[in-house]
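The values are calculated or read from the model by the stated rules, or taken from the named source; none is laboratory data. Being a predicted model, the structure only gives us computed values, none of them experimental. Don't worry about glycine lacking a Cβ; one is built from the backbone with ideal geometry, like all the others, and counts go over all protein chains shown. Note: areas computed on protein heavy atoms with side chains; ligands, DNA, RNA excluded. Shrake-Rupley method; radii C 1.70, N 1.55, O 1.52, S 1.80 Å.
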Amino acid sequence: KSHSFSAITFLDISSGMISKAKEYMYHNHKEHISKIKFIQGTYEQLPSPEIYHVIITPFVLDCLDDKVLGNTLTALHSKLEYNGQWLFTDFNVPPKPFFIKWLSKGLILLLYSFFNLFCKLGMYQLPDFSKHFSRLFVQPQDSNYFLRGMVVTQRYIKSTG
């Protein structure tokens, strides 16, 4: 609402999520729907010449195993313009206090068990996000933690060198 934009690419592997996003935009922001390109698939379906000012990955990277995550981040990083921003939000296991650390591990295991039961996800723990992001970025510009550290939001900026 507070920023104007000329175009958005909405990428999702799920046709159902794309339908929900289109429906939401139609009912709440119809004036902007013509500026949004909806693409079903993975980063491989993104148009090759396009470079993005901002990439937002809210609660999607936790569904990727370590190898796929590494490939995905590298490919998306190459589509981000210099000084472009990457906004990352996902689940997190805080290092302490002990009780919150183990509670978050238990909740994450419960979520993965649910998704494995119904979606055959094939994963049971969070990937090492920081390992992959630190390959591509010097450090996050901002980090914010929510729900006692069980959710993290970080902003990265692609440097020129």
query = Restricting the first residue to the stretch 143-158 and requiring it to be outside any loop (DSSP other than H, G, I, E, B), which pairs with a second residue that is open to solvent by less than 60 Å² (accessible area, probe 1.4 Å) and among the charged types (D, E, K, R) meet a Cβ separation below 8 Å and a spacing of at least six or different chains?
reply = Val151/Asp90; Val152/Asp90
inquiry  = For Glu81, only one of the following conditions fails: (1) without any contact (Cβ under 8 Å) to a residue 12 or more places away in the chain; (2) open to solvent by less than 70 Å² (accessible area, probe 1.4 Å). What is its number?
reply    = (1)
ask   = Could you list, in sequence order, the residues of the stretch 61-78 that are open to solvent by less than 60 Å² (accessible area, probe 1.4 Å), among the aliphatic types (A, V, I, L, M) and without any contact (Cβ under 8 Å) to a residue 40 or more places away in the chain?
value = Ala75, Leu76
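Being without any contact (Cβ under 8 Å) to a residue 60 or more places away in the chain and within 17 Å of the chain's Cα centre (by Cα) is the filter; apply it to the stretch 122-134 and report the residue that is most open to solvent (accessible area, probe 1.4 Å).
Step by step, filter the stretch 122-134, then rank; the result is Gln125.
How many residues does the stretch 40-56 contain that are under 16 Å from the mean Cα position of the chain (by Cα) and not in a helix (DSSP H, G or I)? Please lay out each step first, then the result.
Just the residues of the stretch 40-56 that are under 16 Å from the mean Cα position of the chain (by Cα), to begin with: 40-44, 46, 52-56.
Checking which are not in a helix (DSSP H, G or I) leaves us with 40-42, 46, 52-56.
Number satisfying all stated conditions: 9.
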query = Checking Leu147 against (1) on the phi > 0 side of the Ramachandran plot; (2) among the hydrophobic types (A, V, I, L, M, F, W, C); (3) in contact with a Pro (Cβ under 8 Å, 6 or more places away or on another chain), which single condition isn't satisfied?
reply = (3)
remark   = Pairs returned, first residue in the stretch 9-22 that is within 13 Å of Ile33 (Cα to Cα), second residue that is of a type in the set (A, V, I, L, M, F, W, C) and assigned to a helix (DSSP H, G or I), beta-carbon separation under 8 angstrom, 6 or more apart or interchain, are Phe10/Ile18; Phe10/Ala21; Lys22/Ile33
remark   = Checked the stretch 1-30 for anything open to solvent by 100 Å² or more (accessible area, probe 1.4 Å), under 23 Å from Glu50 (Cα atoms) and not hydroxyl-bearing (Ser, Thr, Tyr); matches are His3, Ile13
inquiry  = Looking at Ser113 and the list (1) touching a residue at least 60 places away in the same chain (Cβ under 8 Å); (2) open to solvent by less than 70 Å² (accessible area, probe 1.4 Å); (3) of a type in the set (Ser, Thr, Tyr), which single condition is not satisfied?
reply    = (1)
